[in-house]
1. Please label the shape of the stretch 5-57 as rounded, prolate or oblate, based on the square roots a ≥ b ≥ c of the eigenvalues of the alpha-carbon gyration tensor (a/c under 1.5 means rounded; beyond that, a/b larger than b/c means prolate, else oblate).
2. Can you flag which of Lys27/Lys128; Lys22/Lys128; Lys16/Lys37; Lys16/Lys128; Lys82/Lys128; Lys31/Lys106 are past 30 Å Cα-Cα?
3. Can you compute the helix-only [θ] at 222 nm over the chain? Use -39500 (n - 2.57) per DSSP H run of at least 4 residues, normalise by all residues, nearest 500 deg cm²/dmol.
4. Relative to the longest principal axis of the chain, what angle (0 to 90°, nearest 10) does the C-alpha long axis of helix 22-39 take?
5. I'm spelling it out carefully: the read-out is P(r) over Cα pairs in 10 Å bins from 0, in percent, the candidates are (i) 11, 26, 29, 18, 10, 4, 1; (ii) 12, 42, 33, 11, 1; (iii) 14, 47, 32, 7, 0, and one was derived from this structure. Which label?
Amino acid sequence: MTWRDDNIVTLVPKFKIKEGKKEEYMKVLPKFLEKVKANEADTCVFYGFVGPTEDDHVICREGYISAEGLLAHLANVDAELKAALENADIVELNVQGPPAELEKLKEPLAALNPTYYPLHEGSFRSTKN
């Protein structure tokens, strides 16, 4: 297997679905997927949802080639995110990636109060995906 440096920037929002809002919230998820698939082929490495759990948490797993790709994504799905937030709250938000990329996100994401996890130097990923 061949390896390369891992430079992916990941955003991991954890949503808590509001009481009685599961059906409405779940209807929005396919709209996110459609929008990302249609508009982010050059910047999105992976994108998907896991959950809901028994206590109505959903996590979005998303990775981008750069901080700019992540910011373009947020602009792309702005309407869908607003619709999702009518039915759920973001209870945790993690941003992971190379330190230089995280620095580019601190000002634009400040209002969301994320936790930043700098990628350890020497991290790698497979060239097969």
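1. Working: a/c = 3.71, a/b = 1.69, b/c = 2.20.
It comes out oblate by the Cα gyration axes.
2. Values: Lys27/Lys128 33 Å; Lys22/Lys128 37 Å; Lys16/Lys37 24 Å; Lys16/Lys128 34 Å; Lys82/Lys128 35 Å; Lys31/Lys106 27 Å.
Flagged as over cut-off: Lys27/Lys128; Lys22/Lys128; Lys16/Lys128; Lys82/Lys128.
3. Working: 4 runs with 44 residues, N = 129.
Computed mean residue ellipticity for the chain: -10500 deg cm²/dmol.
4. Compared with the principal axis, the helix lies near 40 degrees.
5. Read-out taken from this structure: (ii).
Since every read-out is calculated from the coordinates, none of them should be taken as a lab result. Since we're looking at a predicted model, the values are computed, not measured.
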